[in-house]
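The values are calculated or read from the model by the stated rules, or taken from the named source; none is laboratory data. Nothing here was measured: the structure is a model prediction, and the numbers come from that model. So basically every Cβ, Gly included, is an ideal-geometry build from the backbone, and we count neighbours across all protein chains shown.
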Amino acid sequence: MADDGHDNRRGFYRLRYPEAERPRVEADGLVAAVTELSEGGMRVVAGDFRVAVGCRVAGEVRFIDGEAVWVDGTVLRHDAGEAVLQLEVGVPFPRMVTEQKRLLRRYPDSR
């Protein structure tokens, strides 16, 4: 879930998802599991999500509770089987807080 500190010095707090809790992104006809998420970016399992670096991606992140949020961004790079996207339209801060609280309730030892 949360990073060890040094990786989280970026502009946004990032959540790392345990495999069973991962939201899905549905964009441009592709579906992928989200492994890490912030208001301004996300990592997804590449698998069939073969989008070239520099390409624009727009679609919905669907959370485990069924809520969906529209995102729009660009593929920055592919890294260790994941695609890394920078979001211009990202997940709103209140939703990030909701996700953080939910994950901490389910995984209290992960702080």
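General observations
- Selection status of Leu37, crowded, with 18+ Cβ neighbours inside 10 Å, modelled with pLDDT of 95 or more, out of contact with any Cys (no Cβ under 8 Å at 6 or more places or on another chain) and on the phi < 0 side of the Ramachandran plot: yes
- Some residue of segment 99-111 being polar (S, T, N, Q), modelled with pLDDT of 95 or more and surrounded by 14 or more Cβ atoms within 10 Å (Cβ to Cβ): no
- Selection status of Asp72, in contact with a Lys or Arg (Cβ under 8 Å, 6 or more places away or on another chain), without any contact (Cβ under 8 Å) to a residue 40 or more places away in the chain and more than 19 Å from Tyr13 (Cβ to Cβ): yes
- Per this entry, Glu60 is counted among residues that are modelled with pLDDT of 95 or more, within 12 Å of the chain's Cα centre (by Cα), closer than 18 Å to Gly41 by Cβ and not aliphatic (A, V, I, L, M).
- Filter result (charged (D, E, K, R) and either surrounded by fewer than 20 Cβ atoms within 10 Å (Cβ to Cβ) or free of Cβ contacts under 8 Å to residues at least 12 places away in the same chain (or both)) within segment 40-69: Asp48, Arg50, Arg56, Glu60, Arg62, Asp65, Glu67
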